[in-house]
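A short worksheet on the structure shown next.
The values are calculated or read from the model by the stated rules, or taken from the named source; none is laboratory data. Note that the structure is a prediction, hence the values are computed from the model and not measured. Counting neighbours? That spans all protein chains shown, and the Cβs are built from the backbone with ideal geometry, glycine included.
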């Protein structure tokens, strides 16, 4: 089944698609759920703006467009003169925050479409991925991906004319576009041309960094950096805002720590691309992330001597740790993001999974917090070192995404954009609670449900988890969760070890030989929901995607009785061979490797594919994958589905197990390239499957949703 194009695999896929279509067609609730999902999805929402020169750039989706459109706005005057409603005035307090009556754009000419990916394909399967605007705001570098693939083609568009230049850069994956200050070109990373048969799913190796000068063919792009002795290592480059330096971050396979090299480009107006490279932080002893610089002083986030992170100033000529200056010290709250704006540091931290924002001087003085509308998630920060204008996104489980603008000079906040849809948040409440895992560790869990919910075990519950790769599950807005709430359900999100919610120690506690902690945390969450009478075993749905799909596969092997329905999506299911496919080798840092005898032992102990129990009573299970998923190879789900189906074959007390194999679709979810229509279809199928196989009467889909 690893040979996806073999006749046997193609025949198996066709038969599986036919079986799944038959099963799903027998679920009458799907049509009504799709209709309600579509209604609640249909609202304008915006991406975080960035400012370049005298222009603002942002993404916007009117609601049901398959792909968001990229806009540009020419600004007139200083946006700080605008008088919008303040965040507190507009949003109120607690879970009752309502819509905003405020101007939605800063002063200037009306926004105009700069790039509409929907015009490229009728089904929305060509997505705008990477975007990078030149320093003067005159050029847009952008990436395009087809059918959900992670492979990109890079192009350049003139902002004034709206026309593309001749540039087409190929064999690009997981790369940004780091413009030089002269606006004549950018650094990027690529891979060697892959043989035709391996184009989509070939193992990644031989990454290299190049500089592309506008108007020249890709074949002429000079090599800037490579690691031929370590062909599977990952590295990326970014230029500093002053245009003086190229900063290269290098990551080894199997380690979360990275190294930092610096190239002095010397004259920003005429950068020297072939300048020598200097090792700045080469010990691979911690995580380092560039925030910005002022002259030869660089500001880095680091976990060195700080598991939750701290911010340090490092002089280019004095990189020894003894010469570092701590600007923002470590605390019990983990640092999630930092931006250098207005010659200040704006620091996003996480306190018991809820976002906090604070401002610090470059000298290390705390300048105060930025008040947020309530417990929720800040989705991103956007600012420039020499401008006091800061943009940040905010949402919660019940509050649609908002974009705020902060004047760091005056300290005032204004609402820049506010999304609204047809959902009434006033009827629901979110509460954060804590439960104990198997080893006694205190685990946070968010519960969202209708007000006045009776804890009698009769409510259906949807439990979502991830637990890996230092990724934090934040309390942010999700349309499918809203539909579940309207069905009378409890939406539960557990913050498992392996994520980044409490810093590096929390992350490491869910990696490699400690991965069982993640499964124990999730199992304990499900048991706690039942013990608290928030739901019952026959009304519980468990859901996870990607690393979370692995989570669901492992959990139902260990506890087949845990829930009524299991929904593993695009999961890493073969833990003995994951590192041999596409970008899988990069995951060794979290999982370990079966090439190592100790790694083989603990991976074999939980690998979903290798621990299926023929005698177990498995819950109804809907597996999801995409035929173009070149991040988590579809063979993971293929092999797992076949083995699960063999285990439940001929048994009326186990399953059913079906696999939904979408066409022209990739990894979905966080990859951000799936068309909205396909995303809604997938959610209607998954939610319909869940509703159908819960206990009789657990969920009633309103009749009016079908009309």
Criterion violated by residue 253 - all others in (1) over 26 Å from residue 50 (Cα atoms); (2) surrounded by 19 or more Cβ atoms within 10 Å (Cβ to Cβ); (3) touching a residue at least 60 places away in the same chain (Cβ under 8 Å) satisfied: (2)
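Give the stretch 479-508 a look and list any residue that's assigned to a loop (DSSP other than H, G, I, E, B) and either surrounded by fewer than 20 Cβ atoms within 10 Å (Cβ to Cβ) or without any contact (Cβ under 8 Å) to a residue 24 or more places away in the chain (or both), or say none.
Keep residues of the stretch 479-508 that are assigned to a loop (DSSP other than H, G, I, E, B), which gives 487-489, 495-503.
Correct list: 488 only.
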Failed item in (1) touching a strand residue (DSSP E or B) at 6+ places or on another chain (Cβ under 6 Å); (2) under 30 Å from residue 550 (Cβ atoms), with residue 457 passing the rest: (1)
Filtering the stretch 515-529 down to residues that are over 22 Å from residue 575 (Cβ atoms) and out of contact with any strand residue (DSSP E or B) (no Cβ under 7 Å at 6 or more places or on another chain) yields 527
Of everything in the stretch 626-640 that's farther than 15 Å from residue 658 by Cα and within 20 Å of the chain's Cα centre (by Cα), which residue is modelled with the lowest pLDDT? 628
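Could you run through the stretch 317-338 and say how many residues are assigned to a helix (DSSP H, G or I) and in contact with a strand residue (DSSP E or B) (Cβ under 9 Å, 6 or more places away or on another chain)? It would help to see each step written out before you state the result.
Step one: of the stretch 317-338, the residues assigned to a helix (DSSP H, G or I) are 321-323.
Narrowing the set further to residues that are in contact with a strand residue (DSSP E or B) (Cβ under 9 Å, 6 or more places away or on another chain) leaves 321, 323.
Total meeting the criteria: 2.
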Qualifying positions in the stretch 608-638 - more than 30 Å from residue 127 (Cα to Cα) and part of a loop (DSSP other than H, G, I, E, B): 612, 613, 614, 615, 616, 617, 618, 619, 620
Has the stretch 591-607 got any residue that is in a helix (DSSP H, G or I), closer than 23 Å to residue 516 by Cα and touching a strand residue (DSSP E or B) at 6+ places or on another chain (Cβ under 6 Å)? no
Taking the stated definitions as given, is residue 686 outside any loop (DSSP other than H, G, I, E, B), in contact with a strand residue (DSSP E or B) (Cβ under 6 Å, 6 or more places away or on another chain) and at pLDDT 95 or above? yes
Would you please name the residue that is surrounded by the most Cβ atoms within 10 Å (Cβ to Cβ), looking only at residues in the stretch 271-296 that are part of a strand (DSSP E or B) and touching a residue at least 60 places away in the same chain (Cβ under 8 Å)? 292
Matching entry among 459, 419, 524 (being surrounded by 17 or more Cβ atoms within 10 Å (Cβ to Cβ), out of contact with any helix residue (DSSP H, G or I) (no Cβ under 6 Å at 6 or more places or on another chain) and modelled with pLDDT under 95): 419
Return a yes/no flag: does the stretch 231-239 have any residue that is farther than 22 Å from residue 586 by Cβ, in contact (Cβ under 8 Å) with a residue 24 or more places away in the chain and touching a strand residue (DSSP E or B) at 6+ places or on another chain (Cβ under 7 Å). yes
Looking at the stretch 341-371, which of its residues are more than 17 Å from residue 446 (Cα to Cα), crowded, with 21+ Cβ neighbours inside 10 Å and touching a residue at least 60 places away in the same chain (Cβ under 8 Å)? 341, 346
Does residue 398 qualify as being touching a strand residue (DSSP E or B) at 6+ places or on another chain (Cβ under 9 Å) and either surrounded by fewer than 22 Cβ atoms within 10 Å (Cβ to Cβ) or over 30 Å from residue 490 (Cβ atoms) (or both)? no
Name every residue in the stretch 301-316 that is touching a helix residue (DSSP H, G or I) at 6+ places or on another chain (Cβ under 9 Å) and either in contact (Cβ under 8 Å) with a residue 60 or more places away in the chain or assigned to a loop (DSSP other than H, G, I, E, B) (or both), in order of residue number. 303, 304, 305, 306, 307, 308, 309
Just give me the residues in the stretch 555-583 being assigned to a helix (DSSP H, G or I) and either buried (at least 23 other Cβ atoms within 10 Å of the Cβ) or touching a helix residue (DSSP H, G or I) at 6+ places or on another chain (Cβ under 7 Å) (or both), in sequence order. 555, 556, 557, 558, 578, 579
Has the stretch 657-669 got any residue that is modelled with pLDDT under 95, over 18 Å from residue 2 (Cα atoms), outside any loop (DSSP other than H, G, I, E, B) and not assigned by TED's automatic domain parsing to the domain that holds residue 63? yes
For the stretch 222-234, enumerate the residues that are under 12 Å from residue 210 (Cβ atoms) and crowded, with 16+ Cβ neighbours inside 10 Å. 224, 225, 226
Take residue 211 and decide whether it is within 22 Å of residue 263 (Cα to Cα) and either in a strand (DSSP E or B) or at pLDDT 95 or above (or both). yes
For a quick check of your reading of the model, give me the residue pairs whose first member lies in the stretch 585-603 and is in contact (Cβ under 8 Å) with a residue 60 or more places away in the chain, whose second is assigned to a helix (DSSP H, G or I), with beta-carbon atoms closer than 6 Å and at least 6 apart or on different chains. 585/579; 588/579; 592/512; 592/599; 593/579; 593/599; 602/513
Output yes when any residue across the stretch 230-242 is more than 25 Å from residue 349 (Cα to Cα), under 23 Å from the mean Cα position of the chain (by Cα) and part of a loop (DSSP other than H, G, I, E, B), and no when none is. yes
Tally the residues that are closer than 27 Å to residue 541 by Cα, crowded, with 20+ Cβ neighbours inside 10 Å and out of contact with any helix residue (DSSP H, G or I) (no Cβ under 6 Å at 6 or more places or on another chain), restricting the search to the stretch 591-623. 5
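Would you say residue 662 is free of Cβ contacts under 8 Å to residues at least 40 places away in the same chain and closer than 30 Å to residue 143 by Cα?
Numbers: free of Cβ contacts under 8 Å to residues at least 40 places away in the same chain: yes; closer than 30 Å to residue 143 by Cα: yes.
So residue 662 fits the description; yes.
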